[in-house]
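Rule-based calculations on the coordinates, nothing more; no lab input. Remember, it's a predicted structure, so these values are computed and weren't measured experimentally. Please note: Cβ atoms are built from the backbone with ideal geometry, for glycine as well, and neighbour counts cover all protein chains shown.
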Amino acid sequence: MFDSLSDRLGSVFERLRGRGALNEEDVRAAMREVRVALLEADVALPVVRSFVDQVTAKAVGVQVLRSVTPGQQVVKIVNDALVELLGAENSELRLDVTPPAVVMMVGLQGSGKTTTTAKLARRIQKQERRKVLMASLDVNRPAAQEQLAVLGKQAEVATLPVVPGQQPVDIARRALQAARLQGFDVLLLDTAGRLGVDEALMSEMAAVAAASSPHETLLVVDALTGQDAVNVARSFSERVELSGVVLTRMDGDARGGAALSMRAVTGKPIKFVGTGEAIDRLEAFHPERVAGRILGMGDVVSLVERAAQTIEADEAEAMARKLAKGGFDMDDMRAQFRQMQRMGGLGALAGMMPGMKAAKGAVAGMDPKLLTRMDAIIGSMTAGERAKPELMNARRRIRVAKGSGTTVQDVNRLLKMHQEMAGAMKKIKKMGGLGKLAAMFGKGGMGALEGLVPPGALPKSGLPGAGGGLPGMPGAGGAGAPFNLPPGLDKILKK
Amino acid sequence: MTDQPWLQRLSGGFRRTSDRLGGDLAGLFTRAALDEETLDAVEEALIAADLGPAAAGRIREQLAAARFERGLSREAVLGVAADEIERILRPVAIPLEIEAFPRPQVLLVIGVNGSGKTTTIAKLAHLLVEQDYGVLLAAGDTFRAAAIGQLQVWADRAGVPLIAGKEGADAAGIVYDGVKRATAEGIDALIVDTAGRLQNKQGLMDELAKIRRVLGRLNPASPHNVILVLDATNGQNALAQVEVFKDTAGVNGLVMTKLDGTARGGVLVAAAEKYGLPIHAIGVGEGIDDLRPFDPRATARAIVGLPPEEA
C-alpha cells in the first residue's frame, strides 16, 4: 500500500537525468517526498521536521555521480542519515555488575513486554550463560503473572512464585531478595502496561524503580506505533531513567518509523527487536536494516546475508557451469526451488525485497506449499525425464501427476515454466552470462541496492536474483519486476 | 453505567485528543491570516493526530477554500475541519445490533497482538448483558500463554459463561462447541476471542479461515460480525491491518481501543474514507464499562478541539 521512496523520487527526478549537481529546488522537491514517506512510515512529525531540515542541508549541491540516478543518490543520503540517527548497533546490556543485575521492562499495554521479557531472559541465559530469574509485577491485567510463569516454563527460565494480592513494589523487593539468596545473576522485572497519562501507574513505576534500582530499564515499544510514539517516549523517560528501547512486532509489515521517533526523543539506543512470537525471536538491532525498511527499500542486507548463508557454494558453482553450457534441466529447476525454500520460502523472500508492491500482491494469494508441490512433481519424474523434459508425453504426465498427488494441469504448468526458464537461460547466455545479468539489475528496482551494499557483500555468483537463487528473465529485470520470480511462476500462482 | 450524560462521556474519551489538537490549532489561529504556512501547519497538526497524509491533505484543501466565506475566527476554521471529519465519519457510525435469528449471533473478534481484543470482548459482553441479551464467550485464543485465564477472569467479572479448551487446542473446535451450546441454551450472542495475529502471517490467517468455515457450516450467516480491534496508538499500519483483515477474514466492523491515552486515533478518519467499514464503538479505559458508542459529530468536534454541542 505504500510506494517505496525510490519510486516516489523516481518521478521527481525524471527530468534531472544527466545533470551535474542537485540544486536547492530539486532537493526541496525531493524532500517533500521524503517527508511524506517518513510520515507514512509513522515517524513522528517533530522528528520528521528536524530530520528533513538536516538532510536538506546535506543534500544541496551534492554532485550527481554518473553511475547512479539523482533519485538513488538522494535515497542514499537519506538512508545514511537515518542509519546515523538510529545509532550504533550491538549495544549490549550492561550486566557486569555485582549480581543480581536488575533489568526492568516498561511500556504501554499490549506493547509486548511480557513476551519480550521471556525472550530476553532466554537469550541472556542461553547466550551469556547467566542464571536468570523473572518476576511479573503486573497485578492489573488478569492472568498476567500466570502468563509469565507459563512463558518461563517454555523458555526454561525460573520465575518468582506468585503471591496473590501482593503489590508491585513488594513483589520487586521479594524478587530482589530471592535473586540474591538463590544466587541469580540477572533479575528481569516485567511491569504492568501503563499509559503515560495514568498518574497512579506512572508513580507506581517510579516507586518500583526506586525500590529495585535497575541497571537497565528498557522501554518496550510496538513497531506499529504511530505519532503517539513521541508522547510515549517522553512520558516514560520523564519518570524513569531509560537505558534502551526494545522494538517489538518487527515481523509485521509496519515500516517501523517508531524506531526513529524513539531514538530521537529518548536519545537511548534501540537494543533489540522482536521478530516473531516464538520464544527465540529476539534479535540485536541493525540500524541500516530498519532504515531501509522505513524508506520502503526492503531488508536487502538481511536478504543478501541469508542468501550467502543458505546457498551452498558448490551447488551454485555446478549450476553456473551448467548454465554456461546453456543446459537447464528439471534437476536444475528443482535445485532453484530448494534454494528458495531454504531462504524461507517465497513469502519471506518477498518481505525482504525492495520495491515489492507488485510481487507482494502475488505472494499474498500464494499457497505456501507451492514450492513443495513443485518439488514433488519433479521428484515423480524419472531421471531420464528430468534430463529431457521433452520426453513428457500425455501418459507420462498422467503418471507423474498421480505420483506426486497433483493434477495434470499442475504438471503442465510446471513444464511450461521450465520451458520459459530454460529459454531465459539461453538468452542470458547470449547476453554474455551471469555477470552481465547482475549488472542489469542495476537499472531496475534494485538500483538502490548498489549504493547500500558494499561491493564485497554480494555473493560472487551475483545477486540472489542471479546465479544463486531465482533466474531473472532478461528484460523483466529492468522493467517493473524487481522481484524476479521465475517467468511463469506468477501464472501458476493465480490458479 | 454512570449517570453522566453520554455525549459528555463520549467527549471524555476524546478529551486528550482534542486538547492536543485543539491546542495545536488554537495556537495557529491567533495569527492573522490563513496563508500557506498556516495551512501547512494545520495539515501537520492533523497528521500528528494520525489522520494520515491523504485525509489531512483533503481537510487542508477544505480549509483553504473556506477561508473567504467564513472569515478567520478560530471557531469557524475549526468548524470546517470538524465538518469535513464528520462528513467522513458519519456513514460509518453504525452501532452493533443483536438481531440474529436463529440464535446465536456470532461475533468473531480479531486483531493484531496486544490491540486489546480480550478486554474489548469483556466490555462488549458487559454491554450486551446490560441490554438484557444472553451472552456466551468462547476462548479461541489457545496460543498465547494464559490468554484463557485472562478471559476467564473477565467472564466472571461480566457474569457471563465461558467455553474454553486447553492451551494449544484447536480454536475451531472450541468455536464449534460454543455454537452448539449457545444454540441449545438459546443464548443471543456468542463472542469469540481469537489469538492475536499480525496480518502478514499466513499460518494464523489460515486458522482464521478455518474458524470461519466451521461457523459457516453450522449456519451460513455466521459469523455475523467480524470485528477488528484497532489500537489507537498504531499509526498508518492500522490501514494495512484493515485492508488485509477485510480481504482475508471478512471484517465488517471496527472497534478502536486505547483512546484514553495520548494517542489520537485519527487513523479512523483515513480508514473510514478508504474502506467505509462500520465503527461500532471506542474503548476508553481498562474498566469493564469503558466502551463508548461511536458518535461521529461529537467525535469530529472532539478531534478538532471544539466543545460538545448542547443537546
Which residues' amide hydrogens lie under 5 Å from the amide hydrogen of B:SER115, considering only partners 5 or more residues apart or on another chain, with H built in the peptide plane?
-> none
Under the 7 Å Cα-to-Cβ spin-label approximation, B:ILE94 and A:ALA284 lie apart by a distance in nanometres of 5.2 nm
Ranked list, fewest to most other Cβ atoms within 10 Å of each Cβ, for B:THR248, A:THR159 | B:THR248, A:THR159
5 angstrom amide H check on B:VAL106, placed H, neighbours 5+ away | B:LEU190, B:HIS224, B:ASN225
Can you give the mean number of other chain Cβ atoms that lie within 10 Å of the Cβ atoms in peptide B:141-151?
-> 5
Is there a simple number for the mean count of other chain Cβ atoms within 10 Å of the Cβ of residues in A:140-149, and what is it?
-> 5
Give, as ranges by residue number, the residues of segment B:144-165 whose backbone N falls under 16 Å from the point 7 Å along Cα→Cβ of B:LYS180.
-> B:163-165
What list of ³J(HN,Hα) values in whole Hz, one per residue of segment B:121-126 in order, does the Karplus curve 6.51 cos²θ - 1.76 cosθ + 1.60 (θ = phi - 60°) give from phi, with Gly and Pro shown as x?
-> 4, 4, 5, 4, 4, 4
Three-way shape call for segment B:194-265 based on the alpha-carbon gyration tensor, with the a/c threshold at 1.5 | prolate
The FRET efficiency for A:GLN177 and B:ILE288, from their Cβ-Cβ distance with R0 = 41 Å and rounded to 0.05, is 0.70
Output the antiparallel fraction of DSSP beta bridges having both residues in segment A:101-294, as a percent to the nearest 5.
-> 10 percent
Listed pairs A:LYS388/A:LYS426; A:LYS268/B:LYS117; A:LYS416/B:LYS246; A:LYS113/A:LYS268; B:LYS166/B:LYS246 exceeding 24 Å between Cα atoms | A:LYS268/B:LYS117; A:LYS416/B:LYS246; B:LYS166/B:LYS246
Partner chain Cβ atoms within 10 Å, averaged over the residues of A:104-115 - can you pull that number for me?
-> 4
³J(HN,Hα) computed for each position of segment B:198-204 - Karplus, 6.51 cos²θ - 1.76 cosθ + 1.60, integer Hz, glycine/proline x | 6, 5, 9, 9, 4, x, 6
Which whole-Hz couplings ³J(HN,Hα) result when phi for each residue of segment A:276-291 is put into the Karplus expression 6.51 cos²θ - 1.76 cosθ + 1.60, θ = phi - 60°, listed in order with x for Gly and Pro?
-> x, 7, 5, 5, 9, 8, 9, 10, 5, 8, 10, x, 5, 6, 5, 4
Going fewest to most other Cβ atoms within 10 Å around each Cβ, A:SER213, A:SER237, B:SER115 line up as A:SER213, A:SER237, B:SER115
Around A:LEU282, which amide H atoms from residues at least 5 apart in sequence, or from another chain, sit under 5 Å from its own amide H, with H modelled in the peptide plane?
-> A:THR275
Taking the alpha-carbon centroid of each part, what is the distance from segment A:110-169 to segment B:224-293 in angstrom?
-> 30 Å
Nearest-20 debye value, segment B:184-233 charge dipole, Cβ charges on Lys, Arg, Asp, Glu = 300 debye
Which of A:ARG413, A:ARG173 has the fewest Cβ neighbours within 10 Å, and the rest in rising order = A:ARG173, A:ARG413
What FRET efficiency comes out for the pair A:ASP80/A:VAL162, r = Cβ-Cβ distance, R0 = 60 Å, nearest 0.05?
-> 0.75
Distance between segment B:161-186 and segment A:381-421 - C-alpha centres, whole angstrom = 46 Å
In nm, the gap between the two label points placed 7 Å beyond Cα toward Cβ at A:VAL169 and A:GLN154 is 3.4 nm
